[in-house]
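What follows is a set of notes on a single structure, which appears directly below.
The values are calculated or read from the model by the stated rules, or taken from the named source; none is laboratory data. Everything numeric in this text was worked out from a predicted model, so none of it was measured. Here the Cβ is made from the backbone with ideal geometry for all residues, glycine too, and neighbour counts use every protein chain on show. Accessible surface areas use protein heavy atoms only, side chains included; no ligands, DNA or RNA. Shrake-Rupley method; radii C 1.70, N 1.55, O 1.52, S 1.80 Å.
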Amino acid sequence: TGSFGMGEPLCQPTSDAALLRLVLGPPPDASPSPCRPRDRDGSFLSHFDEFAWGGSYTEGGPWQYRFYVPWDPLGLKALYQRDGLDVCEELLRAQTIEPRTHSGGYGGVIHEMREMKDNCWGQYAHNNQPAHHMLYMFIATSQAVNDTCAQHGQRYLRRAMQTLYKPAPEMYPGDEDNGEMSAWFLLSAMGLYNLQPSSGQMFLGIPLFANMSLVLPRNRTLFISTTGGDASAEARVEAVTFNSERVQGVTLPYASLMQGGDLVFALAAPATP
């Protein structure tokens, strides 16, 4: 159980998807290799190492950036489908593939490479910011919180919160830059995440605690609770209600949450294999 404070936004967000695409560019190539970069003439590089960090990637490699389209998850899903791939299966593969890294453009091993192998799993480099979107892409490419893909993401979110953060001086699995990693943990522990800050929507994850209260401006409070399930990493979300109304989809408006109320996640026990 915890109590947190949330303030008003400092600026008015925009949801102009066209502007986001203009600034961030088109989704990466989904085949034949993960997130293959383009050359100056627009062609995909012929010499490509899916485990090489640096070069076209900052503090990561192709696997860390393969799903880095948080502004258009469904567009990325369609791109994968176009090439005969399932984005959920590829996200799962990223969690289980060998945690291999090659020096690539860095010319040597940097500490983020070591921390991914030592502290994390697969190619999920939670130790550094470029991968902090990845688990929420399971949810963002789903239609509902109880879709199979979304529930895979919930399972890994619980695992990240329960195993990658320690109640000790060395509590973080890697770079805690300007409070970003703490913010990831606090938001995720609430079952909320601003995957697309400009959209005004908060994506629904899975709370870490059974009861939380967020103290909001104007004497309002947002109560977050869970029912059913348990505290294990294998628990999954079956439904979400906000002020007694069932949430359709996988997001809630930030503005609605800031009005306060009751946000309830109905959890279910792990599925029987």
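Observations, loosely collected:
- Accessible area of ILE206 in the full protein assembly, 1.4 Å probe (Å², nearest 10): 0
- What region 36-167 shows is 43 Å² of accessible area per residue, with the surface traced by a 1.4 Å probe over protein heavy atoms.
- Averaged over its residues, region 182-273 has an accessible area of 44 Å² per residue, based on protein heavy atoms and a 1.4 Å probe.
- One compactness figure for the chain is 1.02, namely its Cα radius of gyration divided by 2.2 N^0.38 Å.
- Fraction of beta bridges assigned by DSSP in the chain that are antiparallel (%, nearest 5): 65
- Acute angle (nearest 10 degrees) that the helix 180-190 long axis makes with the longest principal axis of the chain, alpha-carbon atoms: 40
- Residues whose amide H comes within less than 5 Å of that of ALA52, counting only those at least five positions distant or on another chain, are HIS102 (H built at 1.01 Å from N in the peptide plane).
- The chain, helix-only ellipticity at 222 nm - DSSP H runs n ≥ 4, -39,500 (n - 2.57), divided by all residues, nearest 500: -8000 deg cm²/dmol
- For region 108-166, the Kirkwood estimate of hydrodynamic radius, built from reciprocal distances between every pair of different alpha carbons, is 12.3 Å.
- Of all beta bridges that DSSP places with both ends in region 218-272, some 55 percent have antiparallel geometry.
- Counting 0.36 nm for each residue step from ASP230 to GLU176 and taking away their Cα separation leaves a gain of 16.5 nm.
- Carbon plus sulfur fraction of accessible area for region 157-273, probe 1.4 Å, in percent: 54
- Residues considered: PRO169, PRO130, PRO73. Largest GNM mean-square fluctuation over the chain, using C-alpha springs under 10 Å, is found at PRO169.
- Residue-count net charge about THR148 - beta-carbon cut-off 15 Å; Lys, Arg +1, Asp, Glu -1: -3
- Spin-label pair ARG82-VAL215: with each label point 7 Å from Cα along the Cα-Cβ axis, the two points sit 5.0 nm from one another.
- Rolling a 1.4 Å probe over the protein chains gives SER232 an accessible area of about 40 Å².
- Under Karplus coefficients 6.51, -1.76 and 1.60, residue-wise ³J(HN,Hα) of region 64-73 in Hz, glycine/proline x: 6, 9, 5, 10, 7, 10, x, 6, 8, x
- Distant-in-sequence amide H partners of ARG236 (H built 1.01 Å from N, under 5 Å): ALA268
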